[in-house]
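Trainee: After the C-alpha cells below, expect a handful of questions from me.
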Amino acid sequence: MRFFTYKAIDADGKAVRGTLEAEDEAAVRHTLEDARLYPFSIRPGSSFFAVISKLIAGRKVKRIEIIEFAQNLSVMLHAGIPIMTAMSDIIESTENRVFADILLDVKQDVERGSSFNNAIDRHRNIFPDIFIRLVRVGEETGRFDNSLAEIADHLKRVEELISAIKHALIYPVFAIVSTLGALMFWMLYVLPKLVDTMKGLGVKLPLLTRALIASSDLCRKYWYLMIILPVLAAVTIKLLKRRDSTRYYIDKILLTLPITKLIIFNKVIAMFAEQMRILVVSGMTIDRSINLAADVIGNEVYRRSLLRVRESVINGAFISDCLKAEKIYPILVVRMVSIGETSGTLDTQFGFLSDHYRTKLNNLTANLGKIIEPVIIIVVGLMFALIILGLMLPIYDLVSNIGKGGGT
C-alpha cells in the first residue's frame with residue numbers, strides 16, 4: 001500500500017485536494033470516480049507527510065460529523081441501501097473534505113474485502129474506541145444498522161456532556177483572566193506613576209506601599225515570567241498526568257477542591273453510566289464493559305475504583321455491592337444498579353443515571369456563575385482594597401503634614 005496525493009473536481013466544479021492510501025494509481029482513480037470526483041492529477045506521496053496529515057486530520061474532524069455519519073449510514077442501511085452505495089452518497093454530501101477523504105479510504109478497504117470494523121480501525125485518530133468496538137459487535141451479531149444508531153445516540157450524549165463541562169468552565173476562566181489582567185494593569189502602569197509622583201513630593205512611604213512598589217518592580221522586571229510560568233505549570237501537570245501514580249494524586253486533589261469536585265464528580269458519574277448503558281445494550285459482558293468504562297471516564301481515582309469493582313464482579317459479586325464498598329459512589333447509583341441487577345434492566349437504569357447526572361451537570365453549569373461570583377468579588381475586593389490602601393496611606397500622611405504646616 002502506498003500514499004497518493006490527488007487533485008480532482010467535484011460535482012459542483014470545485015477543486016479538491018487530498019491524500020489516499022491505495023495499491024496503485026488506478027485504484028485511486030477508481031475510488032475517486034466512485035465518489036463522483038474527477039481526478040486530473042494523481043501523484044505518489046510521501047509516507048511521512050501522510051502520517052503528519054493524519055494527525056492534523058484528527059483535529060479537523062468534529063464529533064458532530066462522526067455522529068451524522070453514523071446516523072445517516074444507519075438510516076440508509078435500515079432502508080435496504082447497499083453499504084457501498086450508502087458510503088458513496090454520504091461521501092458526496094460530506095462538506096468536510098478531510099473527513100470525506102477518510103471515508104473514501106474506509107470505502108476502498110471494504111471494497112477490497114475488509115470488514116467495516118477493520119476499515120475504520122485504521123483511523124483511530126478519527127473514530128473513538130467505543131465506535132470501533134460497537135461496530136465490531138454489530139457485525140458479529142448481525143445488528144450493524146442498530147449498532148450504528150446506538151453509536152450515534154451515545155456520541156450525542158457524550159457531546160452534550162462535554163459541552164456542559166465547557167460551558168461550566170467558561171465563566172471561571174473569564175473571571176480569573178480578567179481579574180489578573182486588571183491587577184497586572186494596575187501593577188505595571190498605574191501604580192508606578194502614582195508612586196513616582198509621591199516620591200517627588202517627598203512623602204514618607206509606609207510598609208504596605210513599599211511592599212506594593214517592590215511587587216510592581218518585580219512584575220515590570222520579570223514580566224515574561226507571568227507568561228512562562230502558567231505555560232510551564234500546565235506542561236508540568238500534563239507530563240505528570242502521564243504517570244498513573246502522579247495522575248492519581250492530581251485527580252484526588254481536584255476531587256477535594258470546592259468547585260472542581262462538583263464538576264468532576266457529576267461528569268465522571270454521568271460518563272460511567274452512559275458508557276455502561278451503551279455497552280450493556282450492545283451485549284458486551286459486564287466485566288469487559290466495566291473495564292472499557294474505566295478507561296474512558298478520565299479520572300484515575302474512579303478508574304482504579306472500577307478496576308477493583310471489575311475484579312470483584314469476576315469473582316461473583318454483585319455490581320451494586322462492589323460500588324457500595326468503594327464508598328465514592330452516591331447511594332442513588334448503588335440503588336439503581338441494584339434494581340437493574342434484580343430486574344434485568346441494567347441498561348434502563350444506567351440510562352436513567354446518565355440522564356440524571358447529565359442534567360445535574362447542566363444545572364450546575366447554569367448556576368456556576370452565581371456560585372463563583374461571591375468568591376470572585378471577595379478576592380478582587382481584597383486585592384484592590386490592599387492596592388488602594390497602599391496608595392491612600394501616603395496621601396493621607398501628605399494631607400496631614402500640609403494641615404499641620406498650615407496650622408503653624
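Trainee: Once each part is reduced to its C-alpha centroid, what is the distance from the stretch 252-331 to the stretch 376-398 in angstrom?
Mentor: If you average the Cα positions of each part, the centres end up 48 Å apart.
Trainee: If you don't mind, another one. Based on the mean of other Cβ atoms within 10 Å per residue, sort peptides 144-151, 380-387, 22-29, 292-299 so the most packed one is first.
Mentor: 144-151, 292-299, 22-29, 380-387
Trainee: Direction-averaged shadow area of the convex hull around the Cα atoms of the chain, nm²?
Mentor: Projected area, direction-averaged: 29.4 nm².
Trainee: Hey, another quick one. May I ask for the angle, rounded to the nearest 10°, between helix 286-296 and the longest principal axis of the chain, with both axes built from Cα atoms and the value confined to 0 to 90°?
Mentor: 40
Trainee: Trypsin sites (Lys or Arg not before Pro) within the stretch 291-330: which are DSSP loop residues with at most 13 other Cβ atoms inside 10 Å?
Mentor: When the trypsin sites (Lys or Arg not before Pro) of the stretch 291-330 are filtered for loop state and at most 13 Cβ neighbours within 10 Å, Lys327 remain.
Trainee: Here is a follow-up. Expressed in nm², what is the orientationally averaged projection area of the convex hull enclosing the Cα positions of the stretch 115-161?
Mentor: Averaged projected hull area, Cα only: 3.1 nm².
Trainee: From the helices alone, meaning DSSP H stretches of at least four residues, give me the mean residue ellipticity at 222 nm for the chain, per-run term -39500 (n - 2.57), in deg cm²/dmol to the nearest 500.
Mentor: Taking each H run of at least 4 residues, the total per residue is -25500 deg cm²/dmol.
Trainee: Also: Just want the ordering: Lys62, Lys267, from fewest to most Cβ atoms lying within 10 Å of their own Cβ.
Mentor: Ranking Lys62, Lys267 by Cβ neighbours within 10 Å, fewest first, gives Lys62, Lys267.
Trainee: A follow-up question, please. What's log10 of I(q)/I(0) for the stretch 79-226 at q = 0.09, 0.11, 0.16, 0.17 Å⁻¹, Debye sum over Cα points only, no solvent?
Mentor: Computed log10 I(q)/I(0) values: -0.56, -0.63, -0.95, -1.02.
Trainee: On C-alpha positions alone, give me the angle between the axis of helix 331-343 and the longest principal axis of the chain, in degrees, nearest 10.
Mentor: On a 0 to 90 degree scale, this one is about 10.
Trainee: Got a sec? How would Glu159, Glu95 order by Cβ neighbour count within 10 Å, fewest to most?
Mentor: With the sparsest Cβ surroundings first, the list reads Glu95, Glu159.
Trainee: For the stretch 284-395, what is the Kirkwood hydrodynamic radius in Å, using each pair of distinct C-alpha atoms?
Mentor: Kirkwood hydrodynamic radius for the stretch 284-395: 17.4 Å.
Trainee: Now for a different question. Greater than 23 Å separation of Cα atoms is the criterion. Which listed pairs, Lys62/Lys107; Lys238/Lys324; Lys252/Lys324; Lys156/Lys267; Lys7/Lys156; Lys261/Lys327, meet it?
Mentor: Lys238/Lys324; Lys7/Lys156
Trainee: On a 0 to 90° scale, report how tilted helix 63-78 is relative to the longest principal axis of the chain, with both axes built from alpha carbons and the result rounded to the nearest 10.
Mentor: 20
Trainee: Something else now. Scan the stretch 188-295 for chymotrypsin sites (Phe, Trp or Tyr not before Pro) in coil per DSSP, keeping those whose Cβ has at most 15 other Cβ atoms within 10 Å, and list them by number.
Mentor: Passing both the DSSP loop test and the Cβ count: Tyr222, Trp223, Tyr224.
Trainee: If r is the Cβ-Cβ distance from Lys241 to Ala325 and R0 is 35 Å, what FRET efficiency results, to the nearest 0.05?
Mentor: Result of the calculation: an efficiency of 0.80.
Bear in mind that the values in this text are calculations on the coordinates, not laboratory data. Every value quoted in this text rests on a predicted model; they were computed, and no experiment measured them. Cβ atoms come from the backbone with ideal geometry, glycine included; neighbour counts cover every protein chain shown.
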